[in-house]
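The values are calculated or read from the model by the stated rules, or taken from the named source; none is laboratory data. What you see is a predicted model; the values in this text were computed from it and never measured. Note that each Cβ is placed from the backbone with ideal geometry, even for glycine, and that neighbours are counted across all protein chains shown.
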Amino acid sequence: MRVDLSQAIHLLQQGEVVAIPTETVYGLAADATNDEALRKIFATKQRPADHPLIVHISDIAQAEHWATDFSSKARQLAEFFWPGALTLVLPAKASVSRVVRGGESTVALRVPHHPLTLDLLKRGQLSVAAPSANLYTQLSPTTAEHVEAGLGEAIPVLDGGPCQVGIESTIVHILPDGSWQLLRPGMISAADIAAVIGPMSDTRSAQSSEKVSLPKVPGQHLLHYSPRTPLSLFNDKSTLQQAYLTLHKRQKSCAALLIGDGPAPACALVSLPAEPVIVAERLYSALHELDALGVDELLVELPPDLPEWAAVRDRLSRAGYQKT
Ligand code: TXA
Ligand code: MG
């Protein structure tokens, strides 16, 4: 069910869930201060209750309501990248709902870069928890249509058009001593972060007195972001082509996702230019499209193992099994 901005604000203020656009993927939002509303997110997604949620705030000033220690490193990153596809995991204030923290002592914060959602947060004076608006472990949505296809027509959706970044935000854990760890790669790279606050800490050499247990990151589970169709990954077009021929001989149907120019199998396919930003933007759409064909298997070409492809490779390797 499509809703407009005022309806979305009203529903959120009433403790309902609403799917909202962000620049990364669509989020399934609920008032981050309302435990009953937050529980509806877990129920709708069929997501385990101990998985924490990202709190979306309207500006940097809101961060102090959630984090005890908005340290200089966190502030530097926020000032540089917000609004944007960067989530900061910080020590949580005691007042932050345990439901949103999934029982952790930290809270994840981000200011999303989407005009409609920034308007919603400001006009509604809201902070919303929002995981991706899909069923647990399935493909993330980058359009309102994807949300409806995955969660059903009854979910209220604020349509903000297709997402521009296309894959989930980078998650950075800032420790009390100012060191940092990358919990999930995204289009803001580890090198981009290091350019602002210095190199990532080496966890093995951390002082024992300063050891902090790593929070759980359900996005790091294998078999996340998966289409319904079995998906196999290939390092190059020739091994993918061989797999296609084998399937063809066994009278199995397939569809392929290719990156860059080169020989293509004679099946349904989506071919994306070898540009990380473009592949990220179109990745989930391409997978949704190929998944909808109802073929026996999806054959997906992995981009090269280079830093600029880290986020795309991370999502793809969780969506499927690699054939070596
Ligand atoms: O781009 C995004 O981040 C999207 C849009 C909607 O903002 N959201 C998203 O949410 O990807 P979700 O729930 O699918 O992934 C949230 C990730 C999970 O891996 C979770 O573990 C981590 O954020 N996270 C949330 N709160 C955390 C916390 N307190 N400590 C550690 N990790 C946390
Ligand atoms: Mg997700």
Of (1) within 30 Å of VAL172 (Cβ to Cβ); (2) assigned to a helix (DSSP H, G or I), THR239 satisfies all except one. Which? (1)
Where residues in region 280-324 are among the β-branched types (Val, Ile, Thr) and surrounded by 18 or more Cβ atoms within 10 Å (Cβ to Cβ), which of them is nearest to SER169 (Cα to Cα)? VAL312
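Based on what the data block shows, is GLU23 part of a loop (DSSP other than H, G, I, E, B) and either closer than 19 Å to GLU104 by Cα or acidic (Asp, Glu) (or both)?
Values: part of a loop (DSSP other than H, G, I, E, B): yes; either closer than 19 Å to GLU104 by Cα or acidic (Asp, Glu) (or both): yes.
So GLU23 fits the description; yes.
Quick check, is GLN138 surrounded by fewer than 24 Cβ atoms within 10 Å (Cβ to Cβ), modelled with pLDDT under 95 and either closer than 25 Å to VAL196 by Cβ or within 16 Å of ligand 2 (Cβ to nearest atom) (or both)? Steps first, answer last, please.
Values: surrounded by fewer than 24 Cβ atoms within 10 Å (Cβ to Cβ): yes; modelled with pLDDT under 95: yes; either closer than 25 Å to VAL196 by Cβ or within 16 Å of ligand 2 (Cβ to nearest atom) (or both): yes.
When the stated conditions are applied, GLN138 passes them.
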Are any residues in region 123-135 within 16 Å of ligand 2 (Cβ to nearest atom), assigned to a loop (DSSP other than H, G, I, E, B) and surrounded by 19 or more Cβ atoms within 10 Å (Cβ to Cβ), and if so, which ones? ALA130, PRO131, ALA133, ASN134
Residues (aliphatic (A, V, I, L, M), part of a helix (DSSP H, G or I) and surrounded by fewer than 17 Cβ atoms within 10 Å (Cβ to Cβ)) located in region 242-279: LEU245, VAL277, ILE278
Failed item in (1) farther than 21 Å from SER317 by Cβ; (2) within 11 Å of ligand 1 (Cβ to nearest atom); (3) out of contact with any helix residue (DSSP H, G or I) (no Cβ under 8 Å at 6 or more places or on another chain), with VAL128 passing the rest: (3)
Going through (1) in a loop (DSSP other than H, G, I, E, B); (2) under 24 Å from ALA67 (Cβ atoms) one by one, LEU120 fails only at (1)
Taking region 50-61 and keeping only residues that are surrounded by fewer than 18 Cβ atoms within 10 Å (Cβ to Cβ) and more than 16 Å from ligand 2 (Cβ to nearest atom), one is left with ASP59, ILE60, ALA61
Can you give me the number of residues within region 29-47 that are touching a residue at least 12 places away in the same chain (Cβ under 8 Å), aliphatic (A, V, I, L, M) and either out of contact with any strand residue (DSSP E or B) (no Cβ under 9 Å at 6 or more places or on another chain) or assigned to a loop (DSSP other than H, G, I, E, B) (or both)? 1
Tabulated pairs, region 101-114, first touching a residue at least 40 places away in the same chain (Cβ under 8 Å) and at negative phi, second of a type in the set (Lys, Arg) and within 9 Å of ligand 1 (Cβ to nearest atom), C-beta under 6 angstrom, 6+ apart or interchain: VAL107/ARG101
VAL165 versus (1) modelled with pLDDT of 95 or more; (2) away from ligand 2 (no atom under 16 Å from the Cβ); (3) farther than 17 Å from ALA43 by Cα; (4) part of a loop (DSSP other than H, G, I, E, B): which is the lone unmet condition? (2)
Can you find a residue that is farther than 28 Å from GLY198 by Cβ, within 15 Å of ligand 2 (Cβ to nearest atom), touching a strand residue (DSSP E or B) at 6+ places or on another chain (Cβ under 7 Å) and in a loop (DSSP other than H, G, I, E, B) anywhere in region 72-86? no
